[in-house]
Amino acid sequence: MFNRSETLRYLGYKSEEVDNNTLELIKECEELLKKSANPRSTYKVFDLKRIDDDTLDMEVLKIKSKALCRNLRGCEKVILFAATLGPRVDILLQKYSKLSASRAVVLQASAASMIEVYIDSMEDEIRENVNKEGFYLRPRFSPGYADLSLEYQRDIFKILDLPRRIGATLMDNLIMAPSKTVTAFIGLSEEDKNVCDYE
């Protein structure tokens with residue numbers, strides 16, 4: 001459920017040795033998160049058409065983003081994906097932000113690692129299913145990255161019905177709740193190529 005090296009990276013560690021106290025604190029925080037997290041995810045697949053170098057048409061939504069166009073080059077379909085660790089993780093984070101600054105920092109890093117591991121596991125399931133249909137996954141691409149506007153969060157939440165499906169909501173300032181929630185576009189291509197192969 002966790003990638004310890006990713007947790008340490010979020011905490012700012014590089015190649016230096018980690019002291020035993022920090023490792024014990026990470027283990028404690030992981031146990032707290034295991035008891036609090038309720039990971040959920042959902043996704044839908046849409047046909048994809050490229051209109052020009054910075055515009056995509058995915059049936060229910062037109063998107064303007066040069067970076068996403070590059071990421072999805074050669075893709076015939078695209079997945080709208082969302083995942084969350086659930087509201088109890090936020091309650092845990094808020095609790096320790098008042099009780100213990102050190103635990104709060106480690107909990108944040110461990111929760112970030114946890115959502116990434118969970119999403120990776122969901123992608124593995126999707127990959128197995130789409131491979132049977134002759135498709136390959138591109139790396140996921142989230143709103144707010146490069147030139148892909150955060151405003152597309154509104155469309156994703158509506159199209160996937162995230163409040164009902166996974167209990168996630170979007171505030172007026174485009175911040176997602178629970179905080180450990182991720183949305184993304186994932187391209188499906190008949191060619192087994194990474195996006196960097198096109199650059």
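For segment 123-154, name all the residues that are surrounded by fewer than 20 Cβ atoms within 10 Å (Cβ to Cβ), in contact with a Leu (Cβ under 8 Å, 6 or more places away or on another chain) and part of a helix (DSSP H, G or I).
Those that are surrounded by fewer than 20 Cβ atoms within 10 Å (Cβ to Cβ), in contact with a Leu (Cβ under 8 Å, 6 or more places away or on another chain) and part of a helix (DSSP H, G or I): Ile126, Arg127, Val130, Arg154.
Which of the residues belonging to segment 60-90 are farther than 22 Å from Arg127 by Cβ and either of a type in the set (A, V, I, L, M) or open to solvent by 20 Å² or more (accessible area, probe 1.4 Å) (or both)?
Of everything in segment 60-90, those that are farther than 22 Å from Arg127 by Cβ and either of a type in the set (A, V, I, L, M) or open to solvent by 20 Å² or more (accessible area, probe 1.4 Å) (or both) turn out to be Val60, Leu61, Lys62, Ile63, Lys64, Lys66, Ala67, Pro87, Arg88, Val89, Asp90.
Which one of these does Asp120 not meet: (1) more than 14 Å from the chain's Cα centre (by Cα); (2) under 30 Å from Lys49 (Cβ atoms); (3) exposed (fewer than 14 other Cβ atoms within 10 Å of the Cβ)?
The one condition Asp120 does not meet is (1).
Per-residue answers, yes or no, for (1) of a type outside the set (Asp, Glu); (2) on the phi > 0 side of the Ramachandran plot; (3) out of contact with any Pro (no Cβ under 7 Å at 6 or more places or on another chain):
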| residue | (1), (2), (3) |
| --- | --- |
| Asp124 | no, no, yes |
| Phe135 | yes, no, yes |
| Phe141 | yes, no, yes |
| Ala146 | yes, yes, yes |
| Ile186 | yes, no, yes |
| Glu190 | no, no, yes |
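Tell me, please, whether a residue that is of a type in the set (S, T, N, Q), on the phi < 0 side of the Ramachandran plot, assigned to a helix (DSSP H, G or I) and at pLDDT 95 or above can be found in segment 163-180.
No, segment 163-180 has no match at all.
Output the qualifying pairs, or none if there are none: Cβ atoms under 8 angstrom, residues six or more apart or on different chains, first residue in segment 37-52 and modelled with pLDDT of 95 or more and open to solvent by 80 Å² or more (accessible area, probe 1.4 Å), second residue aromatic (Phe, Trp, Tyr) and in a strand (DSSP E or B).
Tyr43/Phe81
The values are calculated or read from the model by the stated rules, or taken from the named source; none is laboratory data. Given the structure is predicted, the values throughout are model-derived calculations rather than measurements. In this analysis, Cβ positions are derived from the backbone assuming ideal geometry, glycine residues included, and neighbour counts consider all displayed protein chains. The protein model used for the area step is the full one, side chains on, heavy atoms only, and it has no ligands, DNA or RNA in it. Shrake-Rupley method; radii C 1.70, N 1.55, O 1.52, S 1.80 Å.
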